[in-house]
Amino acid sequence: MKQSLLCTALAVILSENAAHAQQRRELTTSVLPDFSADSCPSSLKECSANGYGDPALCASEIDSSCKSSDGFRGCVADNQVDAIERIFCPYSTCVVMGWQSEEECNC
């Protein structure tokens, strides 16, 4: 629970729409950063727009970005890249590889 809240807090801070996202979602619901920049992969943009802020629903897309040579550079603000990669990459890999349940993979 504490890890989930930490992930949620970090994601809300990173999100450009943090205030709006926080009002629309409960605190325990994870929120993805804003992946809507033109330079983000189209699959990641679509999933983030349609995934209701849940990183588990976008785990494949996040994992692909984590493994790409550019990662999230150009997709999010430069000062957000390291935090996103530290938090969301291990989580998405865990979910995609099926190492644990989505809840056990907590970012």
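Read-outs: derived from the displayed coordinates by stated rules, not from any lab. Quick caveat, the model's predicted, so the values are computed rather than measured. All Cβ positions, glycine included, derive from the backbone under ideal geometry; neighbour counts span all protein chains shown.
Select from region 40-107 those GluC sites (Glu not before Pro) which occupy a DSSP coil region and have at most 13 other Cβ atoms within 10 Å, ordered by residue number.
On the way: sites: 46, 61, 85, 102, 103, 104; in loops: 102, 103, 104.
Answer by residue number: 103, 104.
Which length gain, in nm to one decimal place, applies between residue 73 and residue 42 when the Cα-Cα distance is subtracted from 0.36 nm times their residue separation?
Details: separation 31, 0.36 × 31 = 11.16 nm, distance 1.46 nm.
So the chain would gain 9.7 nm between residue 73 and residue 42.
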